[in-house]
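Right, one structure below, let's go through it.
The values are calculated or read from the model by the stated rules, or taken from the named source; none is laboratory data. Remember, it's a predicted structure, so these values are computed and weren't measured experimentally. Every residue, glycine as well, gets a Cβ built from its backbone with ideal geometry; the counts of neighbours run over all protein chains shown.
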Amino acid sequence: MRTTLRTALWGLLLPWLFATCQSGPGTRTVKLTIQSTPQLPLPVKLDTLDMISTASLIPTETALDSAGRIVLELELPRPMFATLELGERFQTLYLTPGDELTIHYDTTGHRFRFEGTSAIANTYLYQEGYLSRQLDAGMYQRDIDLDTFIARLDSAKNILAEFHQHYLDSTGLSASLGTLFKQRRELGYLWDKQWFFRSHYYAEDNPDVPEVIANVWSEIPFDSTLLQTAMYSYSLVLDYYLDLHMYPSVYPEDASDAEYDSLETLFPFLAYEKIKQTHPSPAFQEYFQAKVLSYSLRIYGITPVIDSFYTQFKQTYPASRFRPSVETKYQQWVALSPGQPAPDIRGITPDGKAFSLRELRDKVVYVDVWATWCGPCVEQFSHAKKVKKQFEGNDQVAFLYVSVDQNTEAWKKYLRKNPDLTGVHINQNPDAEGTSSVYEDYLINGIPRFILIDPQGKIVNVKAVAPSNGELEKEIRKVLGRQQPVASL
């Protein structure tokens, strides 16, 4: 029965294969023609992956014309994977400089068909993706047990391996691309195992981690050629490797809180030294140094140690292809340094009115970014109450609470139950009109986050001290230029 099912699936899929045309001109340009049937002016997004930030490297956003057609030309430095978003459908592509590829999209059956150079390769990716989606059903349930997970994973491996061999035997897919696509699929299996590890065990030293999951790190191929392909699954696997395997090993297991805090200030150098001992390959040392730097900037911003690490990276790899990504992140933090204009913060008040940070100009503003579901956020409120008491009656100081709750009713209910949480309250539900994104504008990677802004609307500190720190009142008074307590009214 299973063999019959597989044969039927391949019989359904393979007729979609179209023969390739002659290779395109020797150029870095890729020409894509996209045609929808029936003709719909669908939005189009095409991008390749930045292996450091996992953001779009060469983003293109446009739309099909009224005839459901568009011709795109883009420059590629080398062969790489890309993602095509057509309406609500996503499709992985493999593009090579010089390609001329026509993509036909059936909007009724949601099917793709390819003609031109690289048609065989992209038909493979389409068919494999179709099969994978069927096989992934139920795989990512948090309550799935290990035996069921491994059984489903092994079944998917076997079916996709047979598909792979059948496709190679039936088409003109080159051996080199066949190997690359096989590596991509195997990296997907590794990511599946990493997902199970993270969602069920997380801590690597957990004695309950089964061997089949605990050994996942030893299965990662550290192949420098894969770094060139902008392969999403490889980026995910390497990110998990760093986050769950390498970074935790920087700190001794028996480190006290004080020792941990001390080591944390040196994190980028400590992490990179650990990585260099494990990965002598120059290509991976360059890649991992860029990753450590990008991670450190994301978590800590610009500190003297991170600034020194950044300088070292630029001096060591002046022509690194990873440098633009790192410099972009660095300059984003420069724009948030003390004295720079504070990005506006817009949200909706509990009574449905629009509110902007600009309305608090001429005041020292202490911003608290929080959510009702965030325990550490809520714990700060009792400490904030004591600080605010020191500024009662002082209209030169304002406390702005920015909720990132998507459930606005839960936010309003919390405020009704806690009327003593005084200050200006706004919500930044992403679905609401007239709101900004404090997460994006202030490079927030976790909450609570506290921001201090001066009366001129300039940044004092985008990582201000928490109310529980004991130094908040002093920090606010520094900005006010006062040393004595303000009398309460």
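Annotations for the structure displayed:
- Qualifying residue in the stretch 292-301 (condition: assigned to a helix (DSSP H, G or I), farther than 22 Å from P324 by Cβ, touching a helix residue (DSSP H, G or I) at 6+ places or on another chain (Cβ under 9 Å) and not acidic (D, E)): no
- Filtered by the rule that a residue be of a type outside the set (S, T, N, Q) and over 13 Å from P221 (Cα atoms), the stretch 171-191 gives G172, L173, A175, L177, G178, F181.
- T372 vs. criteria among the β-branched types (V, I, T) and within 30 Å of P77 (Cα to Cα): no
- Residues in the stretch 140-156 that are surrounded by fewer than 16 Cβ atoms within 10 Å (Cβ to Cβ), within 17 Å of E128 (Cα to Cα) and not small (G, A, S): D154 alone.
- Each residue in the stretch 46-65 was checked for being among the hydroxyl-bearing types (S, T, Y) and closer than 14 Å to L95 by Cα, and 1 pass.
- Of all residues in the stretch 271-291, those being surrounded by fewer than 16 Cβ atoms within 10 Å (Cβ to Cβ) and acidic (D, E) number 1.
- Tally, over the stretch 201-220, of residues that are farther than 23 Å from N158 by Cβ and modelled with pLDDT of 80 or more: 1
- Residue among P77, P25 that alone is at pLDDT below 95 and either within 29 Å of K329 (Cβ to Cβ) or of a type in the set (F, W, Y) (or both): P77
- Matching entry among D169, D143, D147 (being part of a helix (DSSP H, G or I), among the charged types (D, E, K, R) and closer than 18 Å to D192 by Cβ): D147
- Hits in the stretch 306-356 - residues which are surrounded by fewer than 20 Cβ atoms within 10 Å (Cβ to Cβ), at pLDDT below 95 and among the aliphatic types (A, V, I, L, M): A319, A354
- If the condition is being assigned to a helix (DSSP H, G or I) and in contact (Cβ under 8 Å) with a residue 24 or more places away in the chain, then the stretch 206-227 contributes V212, I213, V216, W217, E219, S224, L226, L227.
Matching residues to (1) touching an Asp or Glu at 6+ places or on another chain (Cβ under 8 Å); (2) in contact (Cβ under 8 Å) with a residue 12 or more places away in the chain; (3) crowded, with 18+ Cβ neighbours inside 10 Å; (4) within 20 Å of E471 (Cα to Cα):
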| site | (1), (2), (3), (4) |
| --- | --- |
| P376 | no, yes, no, yes |
| S382 | no, no, no, yes |
| K385 | yes, yes, no, yes |
| Q390 | yes, yes, no, yes |
| F399 | yes, yes, yes, yes |
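- Residue that is surrounded by the fewest Cβ atoms within 10 Å (Cβ to Cβ) [pool: residues in the stretch 292-305 that are touching a residue at least 24 places away in the same chain (Cβ under 8 Å) and not hydrophobic (A, V, I, L, M, F, W, C)]: R298
- For the stretch 448-471, the tally of residues that are modelled with pLDDT under 95 and either buried (at least 19 other Cβ atoms within 10 Å of the Cβ) or among the acidic types (D, E) (or both) stands at 1.
- The residues in the stretch 110-129 that are closer than 16 Å to S36 by Cβ, assigned to a strand (DSSP E or B) and either touching a strand residue (DSSP E or B) at 6+ places or on another chain (Cβ under 7 Å) or aromatic (F, W, Y) (or both) can be counted, and the count is 4.
- Taken together, F391, F381 contain a single residue that is under 24 Å from L480 (Cβ atoms), in contact with a strand residue (DSSP E or B) (Cβ under 6 Å, 6 or more places away or on another chain) and not aliphatic (A, V, I, L, M), which is F391.
- Close contacts from the stretch 131-158, counting a first residue that is closer than 26 Å to D208 by Cα and a second that is assigned to a helix (DSSP H, G or I) and not acidic (D, E), with Cβ to Cβ under 6 Å and a gap of 6+ residues or different chains, come to M139/R152; R142/S199; F149/F196; A156/L135.
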